[in-house]
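Below is one structure, written out as C-alpha cells; the observations come after it.
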Amino acid sequence: MSRIRFVVLAVCAAFLLVAAAAAQEKNELGIIVGRTFIADKGVPNTNFFDNTIHSGKGLTFVVEYGRHLLGQNFWQLTGEVPFAINWDEDLNYGQNVIPESYRSFFITPSVRLNAFANDDVSPWVSVGGGFGYFKASSKLVFGGPNPGDTGAATGVFQIGGGLDVKITRTITIRGEFRDFDSGEPPLNINTGRSRQHNLYGGGGVVFRF
C-alpha cells in the first residue's frame, strides 16, 4: 500500500471515529453551585417580638445527570435527574424552640425542553418531581438539645428554567433557577403551612459525553 493511500485511509478512519463519537454524545453531567432562598414564615397565634422564622441563604450544590431523548435542531427533550444538597440552612426565631439549622436533600427526576438546541445559546425549562429529606440540627437556635424530631421525608415538585451557553462541543456553561416545592422541615412548631418553596439559583459547568 502506498504512503498516500495509507494516509488517506487513516484520515477517513479518524473522521469516521470522531463522527461516531459525536453521535454518541447523548449524556451530560452538570455541576452547579448556588444559593437557596426561603421566604420568612410568621407563626400564627403568637404575639412576642420576632415571632417570624427567618431562613438564611444556604449554599447549595446540584449535580445533574441528563440523557438526550428526542429532537436535535430547534428543540431537544432531555430526561434529567437533579440532585440538590443544601448543606446548612441557618434559622432564626424569637424563642429557643426551633433548631439552629437544617440540611436538605432533593432528588427530582424531570424532563427538560431546550429551544435552539444546536445554537451556542439555548434557553430551557424543566419540570418533574421526586422526594427529599430534611435533617435538622440536634441543637436549638439559642443553644441546648433539640427535643423534637430531627428527620423528615417529603415529596418534592420541581419546576425551573435556565440558559445554556456552549463553550466547546462537549462543555457548556449553565445558569439556572429552580423551585423545589417540598413539605415543611422539622421545626418543632406549627407554622400553619404544609409546603415550602425552596427557590434555588446557581451556575456551573455541564460536560457532555
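Coordinate-derived values only; no laboratory data. Predicted model only: the values in this text are computed from it and were never measured. Counting neighbours? That spans all protein chains shown, and the Cβs are built from the backbone with ideal geometry, glycine included.
Here are a few things to note about the model shown:
- Gaussian network model of the chain, Cα within-10 Å springs - most flexible of Ala39, Ala153, Ala84: Ala39
- Net charge of the neighbourhood of Thr191, taken over other residues with C-beta under 12 Å away and scored Lys/Arg +1, Asp/Glu -1, is +1.
- Debye-sum result for the chain in log10 I(q)/I(0), which assumes one identical scatterer on each alpha carbon, at q = 0.09, 0.14, 0.15, 0.19 Å⁻¹: -0.46, -0.84, -0.91, -1.23
- Between Ser194, Ser55, Ser110, the Gaussian network model of the chain with springs among Cα atoms under 10 angstrom shows the greatest mean-square fluctuation at Ser194.
- Under 12 Å, Cβ to Cβ, from Asn51 - net charge with Lys/Arg +1 and Asp/Glu -1: -1
- Distance from the range 25-79 to the range 80-129 (C-alpha centre basis), Å: 2 Å
- Tilt relative to the chain, helix 3-23 - C-alpha long axis, 0 to 90 degrees, to 10: 30 degrees
- Cα-projected label distance for Phe105 with Val33, points at 7 Å along beta-carbon direction, nm: 2.2 nm
- Charge tally for Val165 (other residues, Cβ to Cβ under 13 Å; Lys, Arg +1; Asp, Glu -1): -2.
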